[in-house]
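Quick notes on the structure that follows.
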Amino acid sequence: MELVKENKEKGRAVYKLADRYRKVWYDIDTKALQEHLKILDTVMPGWVIDYGFEEDYMWIEYHIVPGIPANTFEHTPEFVKRIYEFCIDSVKQTRPYVHYDWVLSNIMIDGDNIYLVDWDNVGLYKEKEIMDKMYSDLRSAFGEKFDEMLRTMA
């Protein structure tokens, strides 16, 4: 297993295995994990390959998503609009649940296809919370280019 990312403050890590990713949480909450798995199966059927509990951590294994993270692309006006429209569409497609973490490193681009990864925050949220968080994440990623894109769409 190759360590891909670790967040010691949040007590979690991501490992790449030969054919999947394994997300590890160092706090064990079996009830929360079971609820999370149920939501993932509703929103992303087949996304989870396996899951389990060890003595001092719990884990979920996910499919590897093809593509390149969106944070590696040039922030052209067309790209900003494409990502914004993808985020809006993903909210509509996964209702009543939403991803709720639209940072560009969680958005994978594979040619004409775009995918969300890192579904840790998926849940039920109020409409205002959803839009405020999405706009905050995209504004943080794109800065003034995001606001310019919104003005051109108005």
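The values are calculated or read from the model by the stated rules, or taken from the named source; none is laboratory data. Just so it is clear, the structure is predicted and the values come from calculations on it, not from any experiment. All Cβ positions, glycine included, derive from the backbone under ideal geometry; neighbour counts span all protein chains shown. Heads up: the accessible areas ignore ligands, DNA and RNA and are worked out on the full protein's heavy atoms, side chains in. Shrake-Rupley method; radii C 1.70, N 1.55, O 1.52, S 1.80 Å.
Odds and ends about this structure:
- Qualifying positions in segment 26-41 - under 23 Å from S105 (Cα atoms) and either among the β-branched types (V, I, T) or open to solvent by 80 Å² or more (accessible area, probe 1.4 Å) (or both): Y26, I39, D41
- Residues that are modelled with pLDDT of 95 or more and in contact with a helix residue (DSSP H, G or I) (Cβ under 8 Å, 6 or more places away or on another chain) were ranked within segment 44-58; the one that is most open to solvent (accessible area, probe 1.4 Å) is Y51.
- Count of residues meeting criterion [more than 18 Å from N121 (Cβ to Cβ), open to solvent by 40 Å² or more (accessible area, probe 1.4 Å) and either in contact with a helix residue (DSSP H, G or I) (Cβ under 9 Å, 6 or more places away or on another chain) or touching a residue at least 12 places away in the same chain (Cβ under 8 Å) (or both)] in segment 1-25: 9
- Search result, residues across segment 1-36 that are out of contact with any strand residue (DSSP E or B) (no Cβ under 9 Å at 6 or more places or on another chain) and among the basic types (K, R): K8, K31
- Single residue of segment 94-145 satisfying the filter (in a loop (DSSP other than H, G, I, E, B) and aromatic (F, W, Y)) that is surrounded by the most Cβ atoms within 10 Å (Cβ to Cβ): W102
- Leading residue by the ranking (surrounded by the fewest Cβ atoms within 10 Å (Cβ to Cβ)) among those in segment 59-93 that are in contact (Cβ under 8 Å) with a residue 24 or more places away in the chain and assigned to a loop (DSSP other than H, G, I, E, B): P66
- Contact map, segment 135-152: first residue in contact (Cβ under 8 Å) with a residue 60 or more places away in the chain, second residue polar (S, T, N, Q), Cβ cut-off under 8 Å, separation 6 or more or different chains; pairs are A141/N71.
- Scope segment 41-85; condition hydroxyl-bearing (S, T, Y) and out of contact with any strand residue (DSSP E or B) (no Cβ under 6 Å at 6 or more places or on another chain); matching residues: T42, T72, T76, Y84
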